[in-house]
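Accompanying notes for the structure given below.
The values are calculated or read from the model by the stated rules, or taken from the named source; none is laboratory data. Since the model is a prediction, treat every value here as computed from it, not as a measurement. When we count neighbours, we look across all protein chains shown, and the Cβ atoms used for this are built from the backbone with ideal geometry, even at glycine.
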Amino acid sequence: MHDSKKSRSSEPRDEILDHEYDGIREYDNPLPRWWVGIFWISIIFTPIYILFYHFGPGLLAHDKYEHSVREFYERQARELAAMGEVTDETLLTVKANPAMLSEGGQIFRSKCSQCHGMFGEGNIGPNLTDSYWIHGGRPTDIYHTITEGVPEKGMLTWKNQLPPAKIMAVAAHVMTLQGTSPPNPKPPQGELVEPEAAAEKTGASEESRKAGSTENPPVGP
Ligand code: HEC
């Protein structure tokens with residue numbers, strides 16, 4: 001009774017469609033308003049999202065992550081440089097960070113390659129891929145040479161042009177050039193710095209010491 005009253009008073013509700021499959025029939029009911037609302041909102045939202053994040057100024061998750069990592073390192077680098085505490089360890093953490101390394105590579109190609117070669121093979125400036133260094137091959141030596149420069153020999157003083165974080169990044173990039181063999185290398189200049197001597201500062205020797213200690217574990221009584 002109630003049902004038939006309701007269907008007569010309201011709009012076409014509970015109208016049975018005329019197709020049938022295996023005895024199954026269906027009603028032609030309108031979708032719930034909230035559902036249709038979400039549907040339209042997502043249709044309107046999608047192009048705005050795509051335009052803003054894929055073609056506009058919006059940062060996608062990955063870029064956002066890289067951006068904040070870079071910001072973190074830049075802040076840390078500024079603080080460390082202000083305290084005069086850029087150490088081999090800090091430079092090695094920068095070297096271990098892909099975002100900083102890729103920035104260092106960009107700086108190197110745009111500002112350093114005209115004198116040191118695209119791959120650090122050397123040109124006006126010395127080869128940076130061999131184990132010979134005029135001003136020392138430890139991470140802090142490299143950082144120092146780039147920061148202060150060697151103006152009388154043609155190496156610029158970069159502290160006036162690059163903030164500490166960028167010098168750290170490019171120093172880390174120079175560290176990665178070690179042991180690569182680019183074409184047309186410039187003959188070595190300076191003194192041989194045994195890679196092990198540099199490794200000693202990297203903790204590599206500490207690792208091998210640890211490895212050594214596991215080989216010969218102390219035998220208890
Ligand atoms: C105008 C040319 C020029 C540019 C640009 C230049 N350098 Fe140099 N660089 C030199 C010269 C020349 C030397 C060698 C100085 C010497 O003989 O004492 C040198 C030395 C160095 C050394 C020390 C090498 C050693 O054997 O101890 C490092 C490291 C270095 N440069 C890194 C960089 C980085 C990083 C950049 C970019 C930010 C850069 N240089 C840009 C000319 C340049």
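Couple of notes before you dig in:
- Odd one out for Cys115, checked against (1) over 12 Å from the mean Cα position of the chain (by Cα); (2) farther than 30 Å from Pro182 by Cα: (2)
- Residues that are more than 8 Å from the ligand (Cβ to nearest atom), buried (at least 17 other Cβ atoms within 10 Å of the Cβ) and not aliphatic (A, V, I, L, M) within region 159-175 comprise Pro164, Lys166, listed in sequence order.
- Against the criterion of being at pLDDT below 95, over 15 Å from Val170 (Cβ atoms) and part of a helix (DSSP H, G or I), Leu80 qualifies.
- Test: residue in region 125-137 that is in the same structural domain as Glu74 (by TED's automatic domain parsing), within 7 Å of the ligand (Cβ to nearest atom), in contact with a Cys (Cβ under 6 Å, 6 or more places away or on another chain) and of a type outside the set (Ser, Thr, Tyr): yes
- Leading residue by the ranking (nearest to Ser131 (Cα to Cα)) among those in region 142-158 that are assigned to a helix (DSSP H, G or I) and within 6 Å of the ligand (Cβ to nearest atom): Ile142
- Test: residue in region 84-96 that is modelled with pLDDT under 85 and either of a type outside the set (Val, Ile, Thr) or over 30 Å from Ala171 (Cβ atoms) (or both): yes
Let's see how each residue does on (1) in contact (Cβ under 8 Å) with a residue 60 or more places away in the chain; (2) exposed (fewer than 10 other Cβ atoms within 10 Å of the Cβ):
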residue	(1), (2)
Pro47	no, yes
His54	no, yes
Leu59	no, no
Arg78	yes, no
Gly84	no, yes
Asp88	yes, no
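- Of the residues examined, Ser110 is one that is surrounded by fewer than 17 Cβ atoms within 10 Å (Cβ to Cβ), part of a helix (DSSP H, G or I) and within 16 Å of the ligand (Cβ to nearest atom).
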